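Here is the structure we will look at, set down as C-alpha coordinates.
The values are calculated or read from the model by the stated rules, or taken from the named source; none is laboratory data. Please read these numbers as outputs of a predicted model, since none were measured by experiment. For neighbour counting, all protein chains shown are included, and Cβ atoms are generated from backbone atoms with ideal geometry for every residue, glycine included.
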Amino acid sequence: MEPIVRSGMRTENRRDETPDLNAALSNPNPQKEQMSHESMDRCLAAQAEAIWPEESRLLQAYELNARARILDAGSGTGQFATRLHARLPQARITGIDILPERIAPLRAQMTPGLTFALGDIFQLDFDDATFDLVACRHVLQSIPEPERALAELARVIRPGGRIHLLAEDYGMLHFHPTRHDLDLFFHNNMRSIREQTGVNYESGRHAPFWLETLGFKGVAVNYVIVDTLRVARPILREMFIAWRDGYTGLLAEMTGLAPDLVRERFEDMIACVSTPPGYAVWFVPIVTGIKI
Ligand SMILES: C[S@@+](CC[C@H](N)C(=O)[O-])C[C@H]1O[C@@H](n2cnc3c(N)ncnc32)[C@H](O)[C@@H]1O
(Lines give C-alpha, C1' and ligand atoms only; values in the text may rest on other atoms or scores of the structure.)
Protein backbone atom coordinates (compact mmCIF):
# COMPACT_ATOMS: atom_id res chain seq x y z
CA MET A 1 0.00 0.00 0.00
CA GLU A 2 1.20 3.51 -0.81
CA PRO A 3 2.06 5.54 2.30
CA ILE A 4 -0.28 8.47 2.99
CA VAL A 5 1.40 11.71 2.03
CA ARG A 6 0.00 14.73 3.77
CA SER A 7 0.73 17.88 1.82
CA GLY A 8 1.90 20.87 3.79
CA MET A 9 3.36 20.92 7.22
CA ARG A 10 2.43 18.78 10.20
CA THR A 11 2.85 21.27 12.97
CA GLU A 12 2.59 18.66 15.71
CA ASN A 13 5.95 17.31 14.62
CA ARG A 14 7.61 20.66 14.20
CA ARG A 15 7.67 21.92 17.77
CA ASP A 16 11.21 22.32 19.12
CA GLU A 17 12.79 22.42 15.64
CA THR A 18 13.85 26.02 16.04
CA PRO A 19 13.21 28.51 18.85
CA ASP A 20 11.68 30.99 16.36
CA LEU A 21 9.23 28.50 14.94
CA ASN A 22 8.43 27.29 18.43
CA ALA A 23 7.56 30.82 19.50
CA ALA A 24 5.49 31.26 16.33
CA LEU A 25 3.53 28.09 17.04
CA SER A 26 2.63 29.41 20.47
CA ASN A 27 1.20 32.65 19.07
CA PRO A 28 -2.60 32.33 18.80
CA ASN A 29 -2.87 35.26 16.35
CA PRO A 30 0.44 35.69 14.48
CA GLN A 31 -1.14 38.06 11.96
CA LYS A 32 -2.33 40.44 14.67
CA GLU A 33 -0.98 43.47 12.82
CA GLN A 34 -2.82 42.58 9.60
CA MET A 35 -5.97 41.56 11.49
CA SER A 36 -6.24 44.91 13.23
CA HIS A 37 -5.20 47.03 10.21
CA GLU A 38 -7.91 49.27 8.73
CA SER A 39 -7.50 47.50 5.37
CA MET A 40 -8.91 44.35 7.03
CA ASP A 41 -12.23 46.16 7.57
CA ARG A 42 -12.41 46.89 3.82
CA CYS A 43 -11.25 43.39 2.96
CA LEU A 44 -13.84 41.62 5.15
CA ALA A 45 -16.64 43.85 3.86
CA ALA A 46 -15.75 43.14 0.20
CA GLN A 47 -15.27 39.42 0.88
CA ALA A 48 -18.65 39.18 2.59
CA GLU A 49 -20.33 40.97 -0.33
CA ALA A 50 -18.74 38.48 -2.73
CA ILE A 51 -19.29 35.34 -0.67
CA TRP A 52 -22.43 35.80 1.47
CA PRO A 53 -25.08 35.40 -1.27
CA GLU A 54 -23.93 31.84 -2.02
CA GLU A 55 -22.88 31.02 1.52
CA SER A 56 -26.27 31.99 2.94
CA ARG A 57 -27.89 29.46 0.58
CA LEU A 58 -25.59 26.78 1.99
CA LEU A 59 -26.53 27.80 5.54
CA GLN A 60 -30.23 27.42 4.71
CA ALA A 61 -29.58 23.78 3.88
CA TYR A 62 -28.51 23.22 7.52
CA GLU A 63 -32.16 23.83 8.54
CA LEU A 64 -31.14 25.55 11.74
CA ASN A 65 -33.68 25.92 14.49
CA ALA A 66 -34.95 29.52 14.70
CA ARG A 67 -33.62 29.68 18.27
CA ALA A 68 -30.31 27.99 17.51
CA ARG A 69 -27.26 28.77 19.65
CA ILE A 70 -24.48 29.85 17.30
CA LEU A 71 -20.82 30.72 17.84
CA ASP A 72 -18.87 32.81 15.32
CA ALA A 73 -15.25 32.08 16.26
CA GLY A 74 -12.86 34.82 15.15
CA SER A 75 -15.70 37.21 14.36
CA GLY A 76 -13.56 40.14 13.18
CA THR A 77 -15.77 43.05 12.12
CA GLY A 78 -18.90 40.95 12.68
CA GLN A 79 -19.78 40.54 8.98
CA PHE A 80 -21.05 36.98 9.43
CA ALA A 81 -22.67 37.29 12.85
CA THR A 82 -24.64 40.41 11.94
CA ARG A 83 -25.79 39.00 8.58
CA LEU A 84 -26.87 35.77 10.24
CA HIS A 85 -28.66 37.68 13.00
CA ALA A 86 -30.71 39.49 10.32
CA ARG A 87 -31.68 36.07 8.91
CA LEU A 88 -32.33 34.40 12.27
CA PRO A 89 -33.41 37.17 14.65
CA GLN A 90 -34.45 34.73 17.38
CA ALA A 91 -31.19 32.77 17.37
CA ARG A 92 -28.59 33.40 20.08
CA ILE A 93 -25.44 34.33 18.22
CA THR A 94 -22.14 34.98 19.98
CA GLY A 95 -19.08 36.33 18.20
CA ILE A 96 -15.68 36.02 19.85
CA ASP A 97 -12.38 37.51 18.76
CA ILE A 98 -8.96 37.63 20.35
CA LEU A 99 -8.48 41.32 19.57
CA PRO A 100 -10.13 43.84 21.91
CA GLU A 101 -10.05 46.43 19.10
CA ARG A 102 -12.28 44.14 17.04
CA ILE A 103 -14.78 43.51 19.83
CA ALA A 104 -15.07 47.09 21.19
CA PRO A 105 -16.80 48.69 18.16
CA LEU A 106 -19.30 45.82 17.96
CA ARG A 107 -20.59 46.32 21.48
CA ALA A 108 -22.90 49.09 20.23
CA GLN A 109 -24.65 46.60 17.94
CA MET A 110 -25.28 44.04 20.67
CA THR A 111 -28.84 42.82 21.29
CA PRO A 112 -30.04 39.91 23.45
CA GLY A 113 -29.66 37.69 20.35
CA LEU A 114 -26.31 39.02 19.16
CA THR A 115 -23.38 39.37 21.53
CA PHE A 116 -19.64 39.79 21.09
CA ALA A 117 -16.92 38.97 23.58
CA LEU A 118 -13.18 38.60 23.81
CA GLY A 119 -12.03 35.03 23.40
CA ASP A 120 -9.36 32.73 22.07
CA ILE A 121 -10.25 29.94 19.67
CA PHE A 122 -7.63 27.74 21.32
CA GLN A 123 -9.21 28.10 24.78
CA LEU A 124 -12.89 28.87 24.56
CA ASP A 125 -14.70 30.10 27.61
CA PHE A 126 -17.76 27.88 27.02
CA ASP A 127 -18.92 24.56 28.42
CA ASP A 128 -18.82 21.41 26.31
CA ALA A 129 -21.75 20.99 23.91
CA THR A 130 -22.98 24.59 24.19
CA PHE A 131 -23.72 25.37 20.52
CA ASP A 132 -25.89 24.04 17.69
CA LEU A 133 -23.61 25.63 15.09
CA VAL A 134 -20.03 26.82 15.30
CA ALA A 135 -18.81 28.94 12.39
CA CYS A 136 -15.21 29.88 11.75
CA ARG A 137 -14.56 31.95 8.63
CA HIS A 138 -11.31 33.25 7.16
CA VAL A 139 -9.41 32.25 10.32
CA LEU A 140 -7.85 28.80 9.90
CA GLN A 141 -5.40 30.10 7.28
CA SER A 142 -3.98 32.63 9.73
CA ILE A 143 -3.32 30.59 12.87
CA PRO A 144 -0.73 27.92 13.66
CA GLU A 145 -1.95 24.43 14.53
CA PRO A 146 -5.47 24.81 13.12
CA GLU A 147 -6.19 21.18 14.03
CA ARG A 148 -5.84 22.13 17.70
CA ALA A 149 -8.24 25.05 17.25
CA LEU A 150 -10.73 22.77 15.49
CA ALA A 151 -10.62 20.29 18.37
CA GLU A 152 -11.53 23.12 20.72
CA LEU A 153 -14.35 24.27 18.43
CA ALA A 154 -15.62 20.68 18.28
CA ARG A 155 -15.68 20.52 22.07
CA VAL A 156 -18.30 23.26 22.32
CA ILE A 157 -20.64 21.82 19.65
CA ARG A 158 -23.50 19.64 20.96
CA PRO A 159 -23.78 16.11 19.57
CA GLY A 160 -25.77 16.44 16.33
CA GLY A 161 -24.67 20.06 15.99
CA ARG A 162 -22.69 21.37 13.07
CA ILE A 163 -19.44 23.07 12.20
CA HIS A 164 -19.21 25.58 9.35
CA LEU A 165 -15.75 26.49 8.12
CA LEU A 166 -14.72 28.94 5.47
CA ALA A 167 -11.23 27.57 4.94
CA GLU A 168 -9.07 29.71 2.65
CA ASP A 169 -6.62 28.05 0.31
CA TYR A 170 -4.23 30.14 -1.76
CA GLY A 171 -3.71 27.34 -4.25
CA MET A 172 -7.33 27.89 -5.30
CA LEU A 173 -6.89 31.39 -6.66
CA HIS A 174 -6.08 32.06 -10.33
CA PHE A 175 -5.77 35.01 -12.67
CA HIS A 176 -5.49 35.46 -16.42
CA PRO A 177 -3.88 37.33 -18.08
CA THR A 178 -1.13 38.59 -15.79
CA ARG A 179 2.34 40.03 -16.22
CA HIS A 180 3.81 37.88 -13.45
CA ASP A 181 3.44 34.21 -12.59
CA LEU A 182 0.93 34.64 -9.77
CA ASP A 183 0.48 30.90 -9.23
CA LEU A 184 4.17 30.78 -8.37
CA PHE A 185 3.85 33.92 -6.23
CA PHE A 186 1.12 32.31 -4.10
CA HIS A 187 2.93 28.99 -4.00
CA ASN A 188 6.08 30.68 -2.67
CA ASN A 189 4.06 32.72 -0.15
CA MET A 190 2.37 29.61 1.15
CA ARG A 191 5.65 27.83 1.62
CA SER A 192 7.52 30.73 3.25
CA ILE A 193 4.72 31.56 5.67
CA ARG A 194 4.30 27.92 6.61
CA GLU A 195 8.00 27.44 7.24
CA GLN A 196 8.46 30.63 9.23
CA THR A 197 5.26 30.92 11.22
CA GLY A 198 3.59 27.52 11.14
CA VAL A 199 0.58 29.06 9.41
CA ASN A 200 -1.09 26.87 6.79
CA TYR A 201 -2.29 28.78 3.72
CA GLU A 202 -3.74 25.56 2.30
CA SER A 203 -6.40 25.09 4.97
CA GLY A 204 -9.10 24.51 2.33
CA ARG A 205 -7.68 21.22 1.13
CA HIS A 206 -6.80 20.12 4.69
CA ALA A 207 -10.07 20.96 6.46
CA PRO A 208 -12.12 17.92 5.33
CA PHE A 209 -9.30 15.65 6.50
CA TRP A 210 -9.10 17.47 9.83
CA LEU A 211 -12.86 17.12 10.43
CA GLU A 212 -12.86 13.44 9.50
CA THR A 213 -9.90 12.90 11.85
CA LEU A 214 -11.79 14.61 14.67
CA GLY A 215 -14.67 12.19 14.16
CA PHE A 216 -17.21 14.46 12.47
CA LYS A 217 -19.72 12.65 10.27
CA GLY A 218 -21.30 13.86 7.01
CA VAL A 219 -18.21 15.91 6.16
CA ALA A 220 -18.93 17.88 2.99
CA VAL A 221 -17.27 20.64 1.00
CA ASN A 222 -19.11 23.16 -1.14
CA TYR A 223 -17.30 25.80 -3.13
CA VAL A 224 -18.39 29.39 -3.31
CA ILE A 225 -16.98 30.48 -6.64
CA VAL A 226 -15.85 34.06 -6.49
CA ASP A 227 -14.98 35.06 -10.02
CA THR A 228 -15.13 38.05 -12.32
CA LEU A 229 -18.24 36.69 -14.06
CA ARG A 230 -20.26 36.12 -10.87
CA VAL A 231 -19.12 39.00 -8.67
CA ALA A 232 -19.09 42.67 -9.66
CA ARG A 233 -15.58 43.76 -10.60
CA PRO A 234 -15.59 46.81 -8.25
CA ILE A 235 -16.12 44.45 -5.29
CA LEU A 236 -13.21 42.24 -6.36
CA ARG A 237 -11.08 45.29 -7.04
CA GLU A 238 -11.79 46.59 -3.52
CA MET A 239 -10.90 43.18 -2.09
CA PHE A 240 -7.51 42.95 -3.79
CA ILE A 241 -6.68 46.59 -3.03
CA ALA A 242 -7.34 45.78 0.63
CA TRP A 243 -5.14 42.65 0.41
CA ARG A 244 -2.38 44.77 -1.12
CA ASP A 245 -2.66 47.41 1.62
CA GLY A 246 -2.70 44.87 4.43
CA TYR A 247 -0.33 42.16 3.25
CA THR A 248 2.45 43.70 1.14
CA GLY A 249 4.71 44.17 4.17
CA LEU A 250 4.19 40.68 5.61
CA LEU A 251 4.69 38.92 2.28
CA ALA A 252 7.83 40.94 1.56
CA GLU A 253 9.22 40.02 4.96
CA MET A 254 8.32 36.34 4.58
CA THR A 255 9.42 35.77 0.99
CA GLY A 256 12.42 38.10 0.89
CA LEU A 257 10.95 39.85 -2.17
CA ALA A 258 11.33 43.65 -2.11
CA PRO A 259 8.06 45.35 -1.07
CA ASP A 260 7.86 47.05 -4.49
CA LEU A 261 7.92 43.66 -6.18
CA VAL A 262 5.22 42.26 -3.91
CA ARG A 263 3.16 45.36 -4.59
CA GLU A 264 3.63 44.88 -8.35
CA ARG A 265 2.09 41.42 -8.05
CA PHE A 266 -0.92 42.80 -6.19
CA GLU A 267 -1.26 45.50 -8.89
CA ASP A 268 -1.25 42.68 -11.41
CA MET A 269 -4.22 41.05 -9.61
CA ILE A 270 -6.03 44.37 -9.31
CA ALA A 271 -5.58 45.08 -13.04
CA CYS A 272 -6.83 41.60 -13.93
CA VAL A 273 -10.04 41.88 -11.90
CA SER A 274 -10.71 45.51 -12.81
CA THR A 275 -11.13 45.34 -16.57
CA PRO A 276 -12.60 42.83 -19.01
CA PRO A 277 -11.54 40.49 -20.47
CA GLY A 278 -9.33 39.80 -17.43
CA TYR A 279 -10.62 36.71 -15.63
CA ALA A 280 -9.93 35.75 -12.01
CA VAL A 281 -11.39 32.95 -9.91
CA TRP A 282 -11.14 32.16 -6.20
CA PHE A 283 -12.63 28.82 -5.14
CA VAL A 284 -13.67 29.29 -1.53
CA PRO A 285 -14.18 26.00 0.32
CA ILE A 286 -17.08 25.90 2.78
CA VAL A 287 -16.50 22.80 4.85
CA THR A 288 -19.08 21.33 7.16
CA GLY A 289 -19.61 18.26 9.32
CA ILE A 290 -21.81 16.97 12.13
CA LYS A 291 -20.52 16.34 15.62
CA ILE A 292 -21.25 12.86 16.91
C1 LIG B 1 -9.63 37.49 8.59
S2 LIG B 1 -10.55 37.83 10.03
C3 LIG B 1 -12.10 37.05 9.69
C4 LIG B 1 -13.25 37.71 10.42
C5 LIG B 1 -14.63 37.05 10.27
N6 LIG B 1 -14.61 35.65 10.67
C7 LIG B 1 -15.20 37.18 8.89
O8 LIG B 1 -15.45 36.15 8.27
O9 LIG B 1 -15.41 38.31 8.42
C10 LIG B 1 -9.86 36.75 11.24
C11 LIG B 1 -10.21 37.15 12.66
O12 LIG B 1 -9.83 36.08 13.53
C13 LIG B 1 -9.28 36.63 14.70
N14 LIG B 1 -8.42 35.65 15.36
C15 LIG B 1 -7.17 35.26 15.00
N16 LIG B 1 -6.69 34.36 15.87
C17 LIG B 1 -7.64 34.17 16.80
C18 LIG B 1 -7.75 33.38 17.97
N19 LIG B 1 -6.74 32.60 18.36
N20 LIG B 1 -8.89 33.43 18.69
C21 LIG B 1 -9.91 34.23 18.32
N22 LIG B 1 -9.88 35.03 17.24
C23 LIG B 1 -8.77 35.00 16.48
C24 LIG B 1 -8.52 37.85 14.20
O25 LIG B 1 -8.28 38.77 15.25
C26 LIG B 1 -9.47 38.38 13.13
O27 LIG B 1 -10.36 39.35 13.63
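With the checklist (1) within 16 Å of the ligand (Cβ to nearest atom); (2) surrounded by fewer than 14 Cβ atoms within 10 Å (Cβ to Cβ); (3) not aliphatic (A, V, I, L, M) in hand, flag the one item E63 doesn't pass.
Among (1) within 16 Å of the ligand (Cβ to nearest atom); (2) surrounded by fewer than 14 Cβ atoms within 10 Å (Cβ to Cβ); (3) not aliphatic (A, V, I, L, M), the lone unmet condition for E63 is (1).
Quick test of your reading of the structure: V262 fulfils all but one of (1) part of a helix (DSSP H, G or I); (2) at pLDDT 95 or above; (3) closer than 27 Å to R230 by Cβ. Name the failing condition by number.
(3)
Can you tell me which residue within the stretch 222-274, out of those that are of a type in the set (S, T, N, Q) and touching a residue at least 40 places away in the same chain (Cβ under 8 Å), is nearest to H206 (Cα to Cα)?
N222
Name the pairs whose Cβ atoms lie under 7 Å apart, with the first residue in the stretch 61-85 and touching a residue at least 12 places away in the same chain (Cβ under 8 Å) and at positive phi, the second within 11 Å of the ligand (Cβ to nearest atom) and not hydrophobic (A, V, I, L, M, F, W, C), and 6 or more positions between them or separate chains?
Note: pairs meeting the criteria are G74/D97; G76/D97; G76/R102; G78/G95.
Among the residues in the stretch 27-36, are any within 13 Å of the ligand (Cβ to nearest atom), modelled with pLDDT of 50 or more, assigned to a helix (DSSP H, G or I) and loosely packed, with under 13 Cβ neighbours inside 10 Å?
Restricting attention to the stretch 27-36, the residues satisfying the condition of being within 13 Å of the ligand (Cβ to nearest atom) are 27-36.
Narrowing the set further to residues that are modelled with pLDDT of 50 or more leaves 27-36.
Within this subset, residues satisfying the condition of being assigned to a helix (DSSP H, G or I) are 32-36.
Pick out the ones that are also loosely packed, with under 13 Cβ neighbours inside 10 Å and you get 33.
Yes, that holds for at least one residue.
Y170 - would you say it is touching a residue at least 24 places away in the same chain (Cβ under 8 Å), more than 26 Å from Q123 (Cα to Cα) and aromatic (F, W, Y)? Even if it seems obvious, please write down each step before you answer.
Details: touching a residue at least 24 places away in the same chain (Cβ under 8 Å): yes; more than 26 Å from Q123 (Cα to Cα): yes; aromatic (F, W, Y): yes.
Spelling it out, Y170 is indeed touching a residue at least 24 places away in the same chain (Cβ under 8 Å), more than 26 Å from Q123 (Cα to Cα) and aromatic (F, W, Y).
Under the condition of being surrounded by fewer than 24 Cβ atoms within 10 Å (Cβ to Cβ), of a type in the set (A, V, I, L, M, F, W, C) and within 8 Å of the ligand (Cβ to nearest atom), which residue from the stretch 70-98 is farthest from Q34 (Cα to Cα)?
Out of the qualifying residues, it is I96.
Can you say whether F209 is surrounded by fewer than 21 Cβ atoms within 10 Å (Cβ to Cβ) and in contact (Cβ under 8 Å) with a residue 40 or more places away in the chain, as far as the supplied structure shows?
On the way: surrounded by fewer than 21 Cβ atoms within 10 Å (Cβ to Cβ): yes; in contact (Cβ under 8 Å) with a residue 40 or more places away in the chain: yes.
Against the criterion (surrounded by fewer than 21 Cβ atoms within 10 Å (Cβ to Cβ) and in contact (Cβ under 8 Å) with a residue 40 or more places away in the chain), F209 qualifies.
Considering only residues that are assigned to a helix (DSSP H, G or I) and out of contact with any His (no Cβ under 6 Å at 6 or more places or on another chain), which ones fall in the stretch 265-278?
The first filter runs over the stretch 265-278 and keeps only residues assigned to a helix (DSSP H, G or I), leaving 265-274.
If the condition is that a residue be assigned to a helix (DSSP H, G or I) and out of contact with any His (no Cβ under 6 Å at 6 or more places or on another chain), then F266, E267, M269, I270, A271, C272, V273, S274 are the ones that fit.
Residues of the stretch 186-210 being at pLDDT 95 or above and touching a helix residue (DSSP H, G or I) at 6+ places or on another chain (Cβ under 7 Å), which ones?
Once the filter is applied, which keeps residues that are at pLDDT 95 or above and touching a helix residue (DSSP H, G or I) at 6+ places or on another chain (Cβ under 7 Å), the stretch 186-210 yields S203, A207, W210.
Which number in (1) within 18 Å of the chain's Cα centre (by Cα); (2) away from the ligand (no atom under 15 Å from the Cβ) marks the one condition that R57 misses?
The failed condition is (1).
Could you say which residue among A50, A23, A46 is within 16 Å of the ligand (Cβ to nearest atom), modelled with pLDDT under 95, farther than 19 Å from E202 by Cβ and hydrophobic (A, V, I, L, M, F, W, C)? Let's see the steps before the verdict.
On the way: A50 fails: modelled with pLDDT under 95; A46 fails: modelled with pLDDT under 95.
Of A50, A23, A46, the one residue that is within 16 Å of the ligand (Cβ to nearest atom), modelled with pLDDT under 95, farther than 19 Å from E202 by Cβ and hydrophobic (A, V, I, L, M, F, W, C) is A23.
Determine the pairs where a residue that is within 14 Å of the ligand (Cβ to nearest atom) and modelled with pLDDT under 95, located within the stretch 128-149, has a partner that is assigned to a helix (DSSP H, G or I) and among the polar types (S, T, N, Q) with Cβ atoms under 7 Å apart, the partner being 6 or more residues away or on another chain.
Going by the 7 Å Cβ cut-off, the qualifying pairs are Q141/S203; P144/T11; P144/T197; E145/T11.
Any idea how many residues of the stretch 217-259 are surrounded by fewer than 20 Cβ atoms within 10 Å (Cβ to Cβ) and in a strand (DSSP E or B)?
9
What about A167, is it at pLDDT 95 or above and touching a Pro at 6+ places or on another chain (Cβ under 7 Å)? Talk me through it step by step, then tell me what you get.
Numbers: at pLDDT 95 or above: yes; touching a Pro at 6+ places or on another chain (Cβ under 7 Å): yes.
Against the criterion (at pLDDT 95 or above and touching a Pro at 6+ places or on another chain (Cβ under 7 Å)), A167 qualifies.
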